[in-house]
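The values are calculated or read from the model by the stated rules, or taken from the named source; none is laboratory data. Quick caveat: nothing in here was measured; it's all calculated off a predicted structure. Every residue, glycine as well, gets a Cβ built from its backbone with ideal geometry; the counts of neighbours run over all protein chains shown. Surface accessibility is based on the protein's heavy atoms, side chains included, excluding ligands, DNA and RNA. Shrake-Rupley method; radii C 1.70, N 1.55, O 1.52, S 1.80 Å.
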Amino acid sequence: MEIAIKLSQFLLSLSILIILHELGHFIPAKLFKTRVEKFYLFFDIKYSLLKKKIGETEYGIGWLPLGGYVKISGMIDESMDTEQMAQEPQPWEFRSKPAWQRLIIMLGGVTVNFILAFIIYIGMTFFYGEKYIPNSEVKDGVWVNSKELEHAGIKTGDKLIAIDGKAITKFVPSVNMDVLTAKTVQVNRNGEDKTIAIPHNFIGKFIDADKKGLISLRLPFVVGGFESTSPNQEQLKAKDIFVSIDGQPFRYYDQLAPIAAANKGKKVKAVVLRDEKETTVLVSFSNAGKLGIKPGTLNEASLEKLGYYKFSTETFGFFESIPVGIDKGFTQLGNYWKQLKLIFNPSTGAYKGVGGFAAIYNVFPDSWSWEVFWSITALLSIMLGVMNLLPIPALDGGHVIFLLYEMISGRKPSDKFLEKAQLVGFVLLISLLLFANGNDIYKAIVGK
């Protein structure tokens, strides 16, 4: 069932993005009376799942979910229809239209991608508001999950103050990405401010270390369940919350390691919160320092009631949501551009984290949440827009570069040149696709 939910979200998101992107090309083409021969969701190599011809356009769904396309008459594209291009240009063909019209047609797809992302962020701001924890409420600092980040100098219990000189006022999940791409992080440790310089190749080291997160909130140790061999099944109950072990205060799960190391093979007293009352129990550590307990979680209301954190939700009216949503869109656009620059700089090692369709699939949760779905779809829409603007022949950006050259110089590149450029771009795209999806396969084989 979990696989079905993830796959449904993945395919729905992909379908929305592809259809709207291609509509961005289709609509201006029709407005400029350019013939569109095909409009396809997914690729129809050899055959299609569904197809129907309406007017001069064949609409269909292909079997290969790696994208989609519109086939515009008289345009050198991935179809490499050289036979059509060898004939005399016709008035309804793409190549017969003025350069400014062709430019609008080519920019239509990415324009829709960016507009869609901004609309989603505006809608999410209006419907869900903005959820966060005031950074001042993270009084005992953060939990550092990455050994590489610890080696860089940030420790569990540090309070994050600023990233690259920008003060942190709200603790939100995106702080992980901010830290990952940061040059400096300012923290407060035991009342003393420190500025930590993040190594240039930190991203590569982080990816090699196979960690799923950098930092998170410090959380209590909640009993979620037991391993079959656990000796603590009679003394403890699900939802018990540890308060102390062997007389030592035990507020956060990350404090367990030194306590466990000191009590290997021992039975010690512990105090747990059970049904809102403190109860003393006897817990047993194995010779390896294990309790045989599966950690549980608490919801936001419980964490707030127990005094761990104060959660805030800022709500916005419809018109208030517009500038806030637009600002979120530009923030995500800037963050993705920053990541892209790191990926294309081999010395950072960021290229190791490039993933293909499996990586995108795994971004979606195994339970349905419209809020999460739209958040991911908005980010993917920005990614699709930026990637398509790259000046690579066969991508929209490659076509745009040639059109701008034509408009500035007054000379149109020959069809032969464009055909060769398209072939080179296609080879580059296939190489990138193989690299990204090869990364996914490698990670699956080695268990990363």
Counted charge near ASN188, where neighbours are those whose Cβ lies closer than 13 Å (Asp, Glu -1; Lys, Arg +1)
+1
Accessible surface of the chain, 1.4 Å probe, proportion on carbon and sulfur as whole %
61
Please enumerate, by chain and number, the aspartates and glutamates with C-alpha under 19 Å from the C-alpha of LYS38, excluding those fewer than 8 residues away in the same chain.
GLU22, GLU56, GLU58, ASP77, GLU78, ASP81, GLU83, GLU93, ASP396
Binning every alpha carbon pair distance of the stretch 329-409 at 10 Å from zero, what are the percents per bin?
15, 36, 33, 13, 3, 0
Send over the Kirkwood Rh of the stretch 150-298, from the inverse of the averaged 1/r over different Cα pairs, rounded to one decimal Å.
17.5
Once Lys and Arg are counted +1 and Asp and Glu -1 for all other residues with Cβ under 13 Å from that of SER286, the total becomes +3
CD proxy at 222 nm, helix term only [per DSSP H run n ≥ 4: -39500 (n - 2.57); per residue of the chain; nearest 500]:
-14000 deg cm²/dmol
Just want to confirm a number: the relative contact order over the chain, from Cα pairs under 8 angstrom separated by 6+ residues, in percent.
18
Using a 10 Å cut-off on Cβ atoms, rank the peptides 218-230, 379-391 from the highest mean neighbour count down.
379-391, 218-230
ALA99: net charge of surrounding residues, Cβ under 13 Å, Lys/Arg +1, Asp/Glu -1, itself excluded?
+4
Viscosity 1.002 mPa s, temperature 20 °C: Stokes-Einstein D of the stretch 2-143 from its Kirkwood Cα radius, in µm² per second?
120
Pop out the ³J(HN,Hα) list for the stretch 131-143 in order, Karplus 6.51 cos²θ - 1.76 cosθ + 1.60 with θ = phi - 60°, rounded to Hz; leave Gly and Pro as x.
9, 6, 10, x, 4, 5, 7, 7, 6, 9, x, 9, 9
Built amide H within the under 5 Å cut-off of LEU66, gap 5+:
PHE43
Whole-number accessible area per residue in Å² for the chain, which is evaluated in the context of all protein chains at 1.4 Å:
54
